[in-house]
1. Report the net charge of residues surrounding residue 189, where surrounding means a beta-carbon distance below 10 angstrom and charges are Lys +1, Arg +1, Asp -1, Glu -1.
2. Between the alpha-carbon centers of the stretch 1-80 and the stretch 86-116, tell me the distance in whole angstrom.
3. How would you order 27-40, 158-171, 210-223 from highest to lowest mean count of nearby Cβ atoms within 10 Å?
4. Given a Förster distance of 25 angstrom, what is the FRET efficiency for residue 226 paired with residue 202, based on the Cβ-Cβ distance and rounded to 0.05?
5. Going highest first, how would you order 44-54, 80-90 by mean Cβ packing within 10 Å?
6. Contour minus end-to-end for residue 69 and residue 219, with contour as 0.36 nm per residue of separation and end-to-end as the Cα-Cα distance?
7. Normalising by the residue count of the stretch 89-202, find the relative contact order in percent from Cα pairs under 8 Å and 6+ residues apart.
8. I'd like to know which of 155, 140, 166 lies farthest towards the positive end of the charge dipole of the stretch 130-197, counting +1 on Cβ of Lys and Arg and -1 on Cβ of Asp and Glu.
Amino acid sequence: MALHFEREEYAARLDKLLASMREEKLDAMLLFAQESMYWLTGYDTFGFCFFQCLVVKADGSMNLLTRSADLRQARQTSIIENIVVWTDRTKADPALDLKNLLSDLDLLGERIGVEYDTHGLTGANCRKLDNQLQSFAELVDQSYLVSRLRLIKSPAEIAHVRRAAGLADAALDAALPLIKPGADEADILAAMQGAVFSGGGDYPANEFIIGSGEDALLCRYKAGRRKLTDNDQLTLEWARHLRPLPCRHDAHGGDRRADPAPHRTLRGLPRVARRHHRHPPARHHIRPGLRCPCRSHGCSRPDPAPAQCLRLLAGRPLHAELDGAPDVSCWQSARDRARHDPLRAHDHHGFRGRNGHDTGADLSDHNG
């Protein structure tokens, strides 16, 4: 069985869901979001484009209604024991099969929560669902009940996230040597995804995004590749992905870098790079070839060049100090930042350096 967490972890998640259901006075939950099913049971499939529903009763029992194509998938990847198959045929109404299942589970007339706001329940299927269940039970929109529970990560989940962040580091390390004029975007993407696979990772829920030249600011994946020219801006956005994490969408946070391809010594300054035009004096200090004096601040990289140590990966926040000198440093924790006190005060106008000069740019958020 391809479970990525211990059964005790899944049992703890079920306990949290049942407690929330008691608070909402729910007799059952109809889960249509694939990420909810994965978080609760380990069930891993992209078959959510078809009708499927995980019924969770207040007593903790779980029943999955799905197509025959996902029967083995559910048995192999999840802790679900009770699986009911609906027949996919012309003019089929799987909502009727669900109604029959709910009747067998003695849920007639009960209060049932439904995950409406999800890609796992299309508009057409939602209409079928309401048509079948409007007079069967009291339906309550509980689209975010499981989502709220997933916000707080367990120690086991945090360990996975840390390992996934390490894979993101490895992907960037694989890409950096290839970024130069004449480089093919396809080779850069292949190296990054290959590093993730070699490290024990998997495909992310979202494609790796690469854009250069006129495509550098699209911020979305598109088909087609090009080769870098002498003065291209290059944008990379890739996922931290060890294996499918509790949320296939929001747990796979990407990291974006906007880099001039020929200038390979200054990277990892996404917010500074985008806002340098608001502070001309800082622009003259942030330049290709700038070295990063952060070895004394706990940076574990042997080479203190910004290309190697200025990055928003693996839980290492990036901070920049601009107080009239070319001092760009990184610290590994909030405690370290408080000790070094690089940016003592900031307000809604932006950060202020040690000398009290307004940088004119908010450097606190580097997620882009």
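Read-outs throughout are calculated quantities, based only on the coordinates presented, and are distinct from any laboratory measurement. The shown structure was predicted, so the numbers you read here are calculated from the model rather than taken from an experiment. Positions of Cβ are backbone-derived with ideal geometry, glycine not excepted, and every protein chain shown enters the neighbour counts.
1. Values: positive: 225; negative: 184, 185, 187, 207.
Local net charge: -3.
2. About 16 Å separates the Cα centre of the stretch 1-80 from the one of the stretch 86-116.
3. Numbers: 27-40: 24.5, 158-171: 19.4, 210-223: 14.3.
My ranking of the peptides, most packed first, is 27-40, 158-171, 210-223.
4. Working: r = 27 Å, r/R0 = 1.08.
Once the sixth-power term is evaluated, E becomes 0.40.
5. On the way: 44-54: 19.9, 80-90: 13.2.
The peptides rank, most packed first, as 44-54, 80-90.
6. Values: separation 150, 0.36 × 150 = 54.00 nm, distance 3.47 nm.
Residue separation times 0.36 nm, minus the Cα-Cα distance, leaves 50.5 nm.
7. Working: 75 pairs, mean separation 24.9, N = 114.
Relative contact order for the stretch 89-202 comes out at 22 percent.
8. The one lying farthest along the dipole's positive direction is 155.
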